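Let me begin by presenting the structure, written as structure tokens, before commenting on it.
The values are calculated or read from the model by the stated rules, or taken from the named source; none is laboratory data. If you're wondering where the values come from, they're calculated on a predicted model, not measured in any experiment. We place every Cβ from the backbone using ideal geometry, glycine too, and count neighbours over all the protein chains shown.
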Amino acid sequence: MNPNLPNPFNVTKAVDFSDQQISDYWVDLPGGVGFRELMKPASPMPMLILGGKGSGKTHLLRYFSYPLQRLRNDDLAAGLRDEGYVGIYLRCGGLNASRFSGKGQSDEAWATLFQQYMDLWLAQLYLETMTDAITADQLASHETKICTRVTALSMFRLNLDRKRCQISGQHYARGSARWMSPSTMRRSRDASR
């Protein structure tokens, strides 16, 4: 052990650790079956991680996040390919969810707005991560493909929203960002004639 390392017990939260400290203080399970095999970060299936305060949940999630992948791999592209995933870690402490309620709006309207907000926040984090992960030359040569795929994702989401509204009896008004009931849509159409 390096005697120059600060005592890891001086800071009690993994949130307060730097990326380098998360890497330095990482201890995997013995016997060849490590946390990577248990957590399966490359799996498309969601996983719920439970544990009490201070049990290591944040340390675990940060260890499998992109900044630590970047620290672990000298050849980042090869490392990401070998690991089979790009870890996106989002700390929701600054979310301030209370601003998504009240103000004369229905809970349903706030839920829709919150969903869009989270989608944009995650998309921004993803794009920042991918921009960092690929070099400028790679970015320039793949920019059109990346933009096309991001646009396809948003169109997929819009189509899902349209399907959901069709099922619930609401309709999406083209050219606007609002949802209308069938009667409101008829009145709007009649007024424009």
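If you check residue 120 against the conditions, is it exposed (fewer than 12 other Cβ atoms within 10 Å of the Cβ), over 28 Å from residue 26 (Cα atoms) and within 18 Å of the chain's Cα centre (by Cα)?
On the way: exposed (fewer than 12 other Cβ atoms within 10 Å of the Cβ): yes; over 28 Å from residue 26 (Cα atoms): yes; within 18 Å of the chain's Cα centre (by Cα): yes.
Criteria met by residue 120.
One residue is enough: does the stretch 38-50 have a residue meeting the conditions more than 19 Å from residue 126 (Cα to Cα), of a type in the set (Lys, Arg) and part of a helix (DSSP H, G or I)? No: zero hits.
In the stretch 10-60, the residue that is surrounded by the most Cβ atoms within 10 Å (Cβ to Cβ) out of those that are within 23 Å of residue 84 (Cβ to Cβ) and of a type in the set (Asp, Glu) is 19. Per the conditions (1) surrounded by fewer than 13 Cβ atoms within 10 Å (Cβ to Cβ); (2) assigned to a helix (DSSP H, G or I); (3) small (Gly, Ala, Ser), the sole criterion not satisfied by residue 109 is (1). State all residues of the stretch 124-138 that are within 21 Å of residue 92 (Cα to Cα) and either in contact with a Pro (Cβ under 7 Å, 6 or more places away or on another chain) or surrounded by fewer than 14 Cβ atoms within 10 Å (Cβ to Cβ) (or both); if no residue qualifies, say none. Correct list: 124, 127, 128.
For the stretch 22-56, filtering for residues that are in contact (Cβ under 8 Å) with a residue 12 or more places away in the chain and farther than 16 Å from residue 88 by Cβ leaves 8.
Residues of the stretch 89-133 being among the polar types (S, T, N, Q) and modelled with pLDDT of 75 or more, which ones? Hits for the stretch 89-133 are 105, 106, 112, 115, 116, 124, 129, 131.
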